[in-house]
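Below is one structure; the comments refer to it alone.
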Amino acid sequence: MCGIFGIIGSKRNELGGILLKGIKRLEYRGYDSVGMAALDNGAIDVKKAAGKVDEVNKQLNFPKLIGNAGLAHSRWATCGGVTDNNAHPHQSCDKMITIVHNGIIDNFEELKQDLVKKGHKFSSETDSEVIAHYFEEKLASKSMREICVDFLREIKGTFAVLILKKDEDRIYALRRDSPLVLGICNDKNILASDIYAFSDLTNKAIFFENDEFAIVEKEKYGFFNKEGKEILKTIQEFKWEQEESEKKKYKHYMIKEIKEEPAVVKRLLFSLKTEQKDHFKKFIDLIKKSKKIVFTAAGTSYHASLLGVYYLHKCGIEAQTLIASEFRHFASVDKDTLVIAITQSGETMDVIDALKYVKEKDGKIASIVNVPYSTIQRMSKISLNILAGQEICVAATKSFVNQVTLLLAIAKEFGFKINLDNLPERIYGMLKSEEKISKLAKEIHRKRDIYVLGRGLSYPVAREVALKIKEISYIHAEGMMGGELKHGTIALIEDGTPVISLISNKDYDMLSNTKEVEARGARIIKITNEFDGDIKINTSNDGKFGILAAIFGQLLTYYIALEKGLPIDKPRNLAKSVTVK
Ligand code: G6P
């Protein structure tokens, strides 16, 4: 949450343009407000306002910013409302220090009280502003480098911070838990929340580890540990596929990304037989060697993990999954436990926290990740890439499909019966139901509540479909086990309430649950491969049914949101990468 970007060594007139491009690429991390700071001949110009990057840019014209160094920030509000004042960058009273921050400063109240007593005036409600005043206060007696060491010792919480000091041509960068990476170019250096932000400018990067800081100049940089001792870091060369980031003919990234599903599944399956073949084998061996398999994930990725558990159980492998934010409270991990994290971004803070717990308990970590070089990939003993390509829409679509495809490929190694080769074709067939689904969307788009029922493999899918409906089409939706309905939720069924029923094969229990709500007046939407229904799923395989039914849900959600005129790719209050707990 929150994207941060900084550059040192840009040509004077190019600064604003580079900052704008960089922060647009990080906007998926939050879009409540945006702001920039430009350092030009010892003067700092700050422009910032609440709103999405394009809206604010129209108002403030960021490319007009000139200078040789600058900072940019896109915000997902945590502490303090969505206002112009709370937008970053924040500055110290004397404007000597300018900062952008991603994370949460846990002890900011104490620090702020102390600084206010010393005469500092705050102009925002954020925790982040305290950082600027903290540096300003200490500057009277210490160097910036010494203050960085104090900061790492005294500040509680999580942070990726970039700091400009008015009279210095350098950026100070500090990291704990929130992602931060240095991009090295010949004549300039860049700091950002991820490598995508600068992947058009360089393919050389250095990742910050926790409690490290760096002092970055135009053509040189130094990294330091928390004691302030200089450390050597390794430069990583990376490859980044950019061809997919354009929206092209589509109105929204969401529909573009749904339409890419057959192609990305094909790419993943191919890579498992080619460049990821050895890794895949090692991953399978690790599962075989481990006494206990526990998945952990958040959001949509959690639903993929539930399917993973289902598929593994079908072939006799004992596995379980736990929501990452509750992992510490409900998991028991020892050295024989393999924890498999599933995450699109590879940066979700709850998942990182769960994995820290696994490390404390000496468990093993594997991961299934979409964003390469991400923190979770780097924390893992072994990691597989789902190769869904960049996903811009906040709602996960193609990444979910590829997570599940990879889980099916794993289960197949343990005996799960499935022919994955025709999966892209089956998905393509499902996408052809688009028109039918859009009519359905027109019919139900004004409803207040939608219930989605599933059993066995279709239960995780029911939850995923409901999540999509909530986050993108702003309709209250509940995805639940068909069997649980009669234990409470059925009380909410009224005449005409839409109930989507996912019935795989001859699941007569699911059929009975469907009839139970139909008898109470619900508008049943039957998604089935066996019985008569509203949408026919063309597969008799349980594995493929899960994927195809989820795609039905993605399309339904898209068309409901379209009908309602909602901001589909950037739904309110959400962010694609959730890097706070
Ligand atoms: C956020 C996103 C979801 C995503 C979840 C987990 O809530 O909006 O789309 O499913 O985080 O993210 P991850 O990157 O770990 O899969």
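The values are calculated or read from the model by the stated rules, or taken from the named source; none is laboratory data. If you're wondering where the values come from, they're calculated on a predicted model, not measured in any experiment. Cβ: placed from backbone, ideal geometry, glycine included. Neighbour counts: every protein chain shown.
Filter segment 517-541 down to the residues that are of a type in the set (D, E, K, R) and either assigned to a loop (DSSP other than H, G, I, E, B) or modelled with pLDDT of 95 or more (or both) and list them by number.
Quick first cut of segment 517-541, residues of a type in the set (D, E, K, R) only: 518, 520, 523, 526, 530, 532, 534, 536.
The answer is R520, R523, K526, E530, D532, D534.
Residues in segment 561-577 that are in a loop (DSSP other than H, G, I, E, B) and more than 8 Å from the ligand (Cβ to nearest atom): G565, L566, P567, I568, D569, K570, P571, R572, N573. Take the conditions (1) over 30 Å from T557 (Cβ atoms); (2) touching a residue at least 12 places away in the same chain (Cβ under 8 Å); (3) not β-branched (V, I, T); M254 misses just one of them, which is (1).
Residues being within 27 Å of the chain's Cα centre (by Cα) and either in the same structural domain as R267 (by TED's automatic domain parsing) or under 24 Å from E530 (Cβ atoms) (or both) are represented in segment 444-451 by at least one member. Mind checking whether some residue in segment 153-165 is touching an Asp or Glu at 6+ places or on another chain (Cβ under 7 Å), assigned to a loop (DSSP other than H, G, I, E, B) and modelled with pLDDT of 95 or more? Yes - at least one qualifying residue is present in segment 153-165. Taken as a whole, segment 34-51 holds no residue that is buried (at least 21 other Cβ atoms within 10 Å of the Cβ) and not in a strand (DSSP E or B). Scanning segment 307-328 for any residue that is under 15 Å from L406 (Cβ atoms), in a helix (DSSP H, G or I), of a type in the set (A, V, I, L, M) and touching a residue at least 60 places away in the same chain (Cβ under 8 Å) turns up at least one such residue.
Reported count of residues in segment 285-329, each being among the aromatic types (F, W, Y), within 18 Å of P460 (Cα to Cα) and either surrounded by fewer than 18 Cβ atoms within 10 Å (Cβ to Cβ) or within 14 Å of the ligand (Cβ to nearest atom) (or both), is 2. If you check I386, I376 for being more than 30 Å from Y250 (Cα to Cα), within 11 Å of the ligand (Cβ to nearest atom) and not small (G, A, S), only one passes: I376. For Y196, the criteria (1) surrounded by 14 or more Cβ atoms within 10 Å (Cβ to Cβ); (2) at pLDDT below 95; (3) not in a helix (DSSP H, G or I) hold in every case but one, which is (3).
Is segment 393-400 home to any residue that is in contact with a Gly (Cβ under 6 Å, 6 or more places away or on another chain), more than 27 Å from C315 (Cβ to Cβ) and among the β-branched types (V, I, T)? Lay out the reasoning, then the answer.
Taking segment 393-400 and keeping what is in contact with a Gly (Cβ under 6 Å, 6 or more places away or on another chain), we get none.
Among the residues of segment 393-400, not one is in contact with a Gly (Cβ under 6 Å, 6 or more places away or on another chain), more than 27 Å from C315 (Cβ to Cβ) and among the β-branched types (V, I, T), which makes the answer no.
If the condition is being among the small types (G, A, S) and under 27 Å from G346 (Cβ atoms), then segment 125-181 contributes S128, G157, A160, A173, S178.
Answer with yes or no whether D84 is of a type in the set (D, E) and either surrounded by 17 or more Cβ atoms within 10 Å (Cβ to Cβ) or assigned to a loop (DSSP other than H, G, I, E, B) (or both). Spelling it out, D84 is indeed of a type in the set (D, E) and either surrounded by 17 or more Cβ atoms within 10 Å (Cβ to Cβ) or assigned to a loop (DSSP other than H, G, I, E, B) (or both).
Please indicate, with yes or no, whether at least one residue in segment 466-489 is buried (at least 17 other Cβ atoms within 10 Å of the Cβ), part of a loop (DSSP other than H, G, I, E, B) and over 31 Å from the mean Cα position of the chain (by Cα). No, the conditions are met nowhere in segment 466-489. Reported count of residues in segment 548-560, each being more than 25 Å from M1 (Cβ to Cβ) and either more than 16 Å from the ligand (Cβ to nearest atom) or not aliphatic (A, V, I, L, M) (or both), is 8.
The C-beta contact set for segment 554-581 (first residue among the small types (G, A, S), second residue within 13 Å of the ligand (Cβ to nearest atom) and in a helix (DSSP H, G or I), distance under 9 angstrom, 6+ apart or interchain) comprises A561/M254; A561/I472; A575/Y28; A575/R29; S577/Y28; S577/R29.
Return yes or no: is K506 in contact (Cβ under 8 Å) with a residue 12 or more places away in the chain, more than 17 Å from G533 (Cα to Cα) and either touching a His at 6+ places or on another chain (Cβ under 6 Å) or not in a helix (DSSP H, G or I) (or both)?
Values: in contact (Cβ under 8 Å) with a residue 12 or more places away in the chain: yes; more than 17 Å from G533 (Cα to Cα): no; either touching a His at 6+ places or on another chain (Cβ under 6 Å) or not in a helix (DSSP H, G or I) (or both): yes.
Criteria not met by K506.
Yes/no per residue for (1) part of a strand (DSSP E or B); (2) within 24 Å of A395 (Cα to Cα); (3) among the hydrophobic types (A, V, I, L, M, F, W, C); (4) in contact (Cβ under 8 Å) with a residue 60 or more places away in the chain:
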residue: K335; (1), (2), (3), (4): no, no, no, no
residue: E347; (1), (2), (3), (4): no, yes, no, yes
residue: D353; (1), (2), (3), (4): no, yes, no, yes
residue: D362; (1), (2), (3), (4): no, no, no, no
residue: S367; (1), (2), (3), (4): yes, yes, no, no
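Among the residues of segment 414-430, those that are outside any loop (DSSP other than H, G, I, E, B) and buried (at least 18 other Cβ atoms within 10 Å of the Cβ) comprise L423, P424, R426, I427, M430.
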